[in-house]
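Scroll down for the structure; my scribbles are underneath it.
The values are calculated or read from the model by the stated rules, or taken from the named source; none is laboratory data. No experiment lies behind these values; they were computed from the predicted model shown. Glycine also receives a Cβ, built like all others from the backbone with ideal geometry; neighbour counts cover every protein chain displayed. What goes into the accessible areas is simple: the full protein's heavy atoms, side chains included, and nothing from ligands, DNA or RNA. Shrake-Rupley method; radii C 1.70, N 1.55, O 1.52, S 1.80 Å.
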Amino acid sequence: MYTDLKNKVAVVTGGSKGIGEAIAIRLGQERMSVVINYHSDEEGANEAVEKIEKNGGKAVAVQADIGDEEGAATLLNAALDNFGTLDLWVNNAGMENKASTHELSFDDWSKVMNVNLDGVFLGSKTALNQFLKEDKKGTIINMSSVHDKIPWPTFSHYAASKGGVKLFTESIALEYAHKGIRVNMISPGAINTAINAEKFEDEQAKQTTLNMIPMDYIGKPEEVSAAAAWLASSESSYVTGTTLYVDGGMTLYPSFEKGDG
Ligand code: BGC
């Protein structure tokens, strides 16, 4: 437990399932009050709220499209109306779809960019303004991916968005460090969540992924939310602009395990 998180207020975008849900639940366990954003999965978001409340924590589920300015404002207002302030904003919502780049429609490219990159900008901007207004040393956590550094054929739009998140995060970390506002990233590898469910149902596809993970297993959402709790807490008080790769070693060039290059 990170006791300094108690009674602080967090917004988690895309908190109805997967890594976002695990982060929301973990922050609830840390006794933060949590605004759980969802886009279409109202049931998932309500379930996450119930899990937090069952544990004695506080949370509300709020529908919003984080890819537009209104959506980000809705989430901030939910934090202020329900809990009175804002201490942490987790830009977690993201999407991916597979397509050969020569066939990728501009519409699909734009959708991925809108959620994964515009959403991170809008969420960060909204949080920064509130922190500046309250003169608060708030924290932002941006969820990226190992694909902010590993190229990903047939997911070039996704990789481009995550590469964008990386330099955006580092830029604003530098821009607001003197205010005591910390901005960090978590870049997960292959994690057992709904986004990967279909892929991992196929044993061969699962094995191919496992071959890329030196630690030999698909990560658990809780292993990612543990990193988020640490980055949110004052235990990481001197950490800004950094990326925590939570990937079982996927970014360590795993093919070198079997050869000398
Ligand atoms: C993607 C997963 C993928 C993992 C490793 C993540 O960013 O969301 O679908 O399994 O990267 O390639």
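Key figures for this structure:
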{"quantity": "Contacts under 6 angstrom Cβ, first residue in region 76-98 being under 19 Å from Ala22 (Cβ atoms), partner buried (at least 24 other Cβ atoms within 10 Å of the Cβ) and of a type in the set (S, T, N, Q), 6 or more apart", "calculated": "Leu88/Thr139; Asn91/Thr13; Asn91/Asn142; Asn92/Thr13; Ala93/Thr13; Gly94/Asn116"}
{"quantity": "Pairs with Cβ under 7 Å, 6+ apart, first in region 233-261 and within 17 Å of Ile218 (Cα to Cα), second open to solvent by 30 Å² or more (accessible area, probe 1.4 Å) and not in a loop (DSSP other than H, G, I, E, B)", "calculated": "Val246/Glu223; Thr251/Tyr245"}
{"quantity": "Boolean, Thr209 is in a loop (DSSP other than H, G, I, E, B), open to solvent by less than 70 Å² (accessible area, probe 1.4 Å), hydroxyl-bearing (Ser, Thr, Tyr) and modelled with pLDDT of 95 or more", "calculated": "no"}
{"quantity": "Residue in region 100-122 that is among the charged types (D, E, K, R), away from the ligand (no atom under 16 Å from the Cβ) and in contact (Cβ under 8 Å) with a residue 60 or more places away in the chain present", "calculated": "no"}
{"quantity": "Number of positions in region 210-261 that are of a type in the set (D, E, K, R) and under 30 Å from His178 (Cα atoms)", "calculated": "1"}
{"quantity": "Pairs with Cβ under 6 Å, 6+ apart, first in region 183-202 and open to solvent by 10 Å² or more (accessible area, probe 1.4 Å), second among the acidic types (Asp, Glu)", "calculated": "Gly189/Asp247"}
{"quantity": "Of all residues in region 168-191 being more than 10 Å from the ligand (Cβ to nearest atom) and assigned to a loop (DSSP other than H, G, I, E, B), the one that is farthest from Ile23 (Cα to Cα)", "calculated": "Gly180"}
{"quantity": "Residue that is nearest to Ser144 (Cα to Cα) [pool: residues in region 1-25 that are surrounded by fewer than 24 Cβ atoms within 10 Å (Cβ to Cβ) and among the charged types (D, E, K, R)]", "calculated": "Lys17"}
{"quantity": "Some residue of region 204-219 being more than 10 Å from the ligand (Cβ to nearest atom), within 19 Å of the chain's Cα centre (by Cα) and hydrophobic (A, V, I, L, M, F, W, C)", "calculated": "no"}
{"quantity": "Candidate set: region 212-232, residues that are among the aliphatic types (A, V, I, L, M) and open to solvent by 70 Å² or more (accessible area, probe 1.4 Å); chosen: the one farthest from Gly138 (Cα to Cα)", "calculated": "Met212"}
{"quantity": "Selected residue (criterion: surrounded by the fewest Cβ atoms within 10 Å (Cβ to Cβ)) from residues of region 77-126 that are part of a helix (DSSP H, G or I) and among the basic types (Lys, Arg)", "calculated": "Lys125"}
{"quantity": "Search result, residues across region 30-60 that are in a helix (DSSP H, G or I) and in contact with a Gly (Cβ under 7 Å, 6 or more places away or on another chain)", "calculated": "Ala45, Ala48, Ile52"}
